[in-house]
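The values are calculated or read from the model by the stated rules, or taken from the named source; none is laboratory data. This structure is a prediction, so every number in the text was calculated from the model and none was measured. Don't worry about glycine lacking a Cβ; one is built from the backbone with ideal geometry, like all the others, and counts go over all protein chains shown. In case anyone asks, the SASA skips ligands and DNA or RNA and just uses the protein heavy atoms, side chains included. Shrake-Rupley method; radii C 1.70, N 1.55, O 1.52, S 1.80 Å.
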Amino acid sequence: DDERNIVFGLYDCQTRKNQHLYTFEKDLQVVSCSVNREKTLLAASLVKSTEEGRRNELQPGSKCLTLLVEIHPVNNVKVLKAVDSYIWVQFLYLHVESHPLPQDQLLLISEEKYIEQFHIQVTQEDGNRVVIKNSDHLPRHRIAEDFVWTQWDMTEQRLYYIDLEKSRSILKCLQFYADQSCDLMFEAPLDITLSDSGFKLINFGYDYRQDQEKLCKYLTLCVFTNHTGSLCVCYSPKFDSWEQITYSVFYFHKGYSKTFTAALGSAGSHGTQGITFLNLERYVAVYLPGHFFHLLNIQHPDLICHSLFLTENNKTNDTLPHSSFQSLSGSLVLDWYSGRLYRAFLDQSYLLRFLWNTSLDCEKMAILHCVLSCGQDPQFLEGQIIQWISENVSACHSFDLIQEFIIASSYWSIYAKTSNVDTILPYSSVLTWNT
């Protein structure tokens, strides 16, 4: 605020207001913070502000303080860590039917490449007063160490991290449960090159120390899951040149991966933004501002004609903001520069206009399936597509428009209601694509 106090609030999407949680009356800078499900505990990791740090650069002592605060009502403050390395915090949001004496689980992620899990038992005193039980000794154990990359999946309550074993990158996944346990769900080698000189955090909060203008020089790696059961690892190595860019998508739910290389076109429009991967449920979007937008069909990635690649010459790319994005669960997108949170979706009306104007068979195939799979009003969409087919039935040479529409429309109309529909009904009339 104006007096350089740090104010923590919790935003309510329904009322569009912030609920005040806690205030630190000190000139500090927040590295990370998290509130538990009951909104009774606040974990925060703080460092001295930039100005204060400059004045005390030679002063010995810890630079990062990690605190656990009782906030319902405001009561005690416990120091969890006081170290020279940066710490990130994350409460687990585990589903529990009923627990009158809840036990909260807190992850502490250290810049020194280890992750600890704290078990915090709380109790109620004097009515609604919530306090930490045995706060002098909180049980904890180490669940990961010596990793080079880690990502938190809020929706599934999973921790992904990568170890380097014999110069191989091994992706591991931990699933957390309400009984305080966690299981190693899987570990799998990735055909990528990572360095052990540092580590990267995804979805643990904004890292204010990163120079945004240098983001494009670093690798990009993220894991996407959704309710359909798909699990994708998206990877792009750091830029070696601005002539072309390479990125890979590992389709774990399909058992294979694909690598793409795209020319970046005009050398004068490099910009400062790095590549962005966006999770759009049945699609993954790969976006490099000013250059290209690649919409990958992850539900059926075997046919490249079911994906859509738009270059900087296409008007679609001009409508997209040139910002640094981070993809969150539920098709949410966070714009770091503006601090705004968006929900991304595919505009059906725009896709229909695109369907009428495109001349490439591969784009017709991709848009046809995209419109049908994401449509909110199937009858209206089908009417529009039938009209388009009637006017373009002889203009498509690589596949039968009518046959593809009948199969695709039938498939996507029952997809949401029927599990394993792939084994019952084909989703496309095209078996190979040679054009």
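Annotations for the structure displayed:
- Tail fraction, Cα-Cα pairs, region 369-416, threshold 17 Å, whole percent: 30 percent
- Nonpolar atom fraction for the chain, defined as the carbon and sulfur part of the 1.4 Å probe accessible area, stands at 49 percent.
- Here the relative contact order of the chain, from alpha carbon pairs under 8 Å that lie six or more residues apart, stands at 6 percent.
- Against the main long axis of the alpha-carbon atoms of the chain, helix 361-374 sits at an angle near 50°.
- Projected label distance in nm at Lys254 and Ser329, using a 7 Å step from Cα toward the beta-carbon: 2.5 nm
- Chain lengthening between Asp347 and Gln175 when straightened (0.36 nm per residue, less Cα-Cα): 58.5 nm
- Summarising the overall dimensions of region 114-154 from its C-alpha atoms, the Rg and Dmax are 15.0, 46 angstrom.
- Proximal charge balance of Glu145 [Cβ under 11 Å; K/R count +1, D/E count -1]: -2
- Here each label is just a point 7 Å from Cα along the line to Cβ, and for Asp196 and Val393 those points are 6.5 nm apart.
- Listed options for percent of Cα pairs over 34 Å apart are (i) 36; (ii) 42; (iii) 49. The value calculated from this structure is the one marked (ii).
- Using alpha carbons only: equivalent-ellipsoid semi-axes of region 86-180, gyration tensor based, whole Å: 30, 15, 9
- Put the Cα centre of region 351-426 next to the Cα centre of region 277-301 and the gap is 19 Å.
- Tilt relative to the chain, helix 348-357 - C-alpha long axis, 0 to 90 degrees, to 10: 30 degrees
- In the context of the full set of protein chains, residues of region 369-416 present 52 Å² of accessible surface per residue (probe radius 1.4 Å, heavy atoms only).
- Counted residue by residue at 0.36 nm each, then reduced by the alpha carbon distance between them, the extension gain from Thr15 to Gln244 reaches 77.8 nm.
- Applying 1/(1 + (r/R0)^6) with R0 = 25 Å to the Cβ-Cβ distance of Arg37 and Arg142 gives a FRET efficiency near 0.60.
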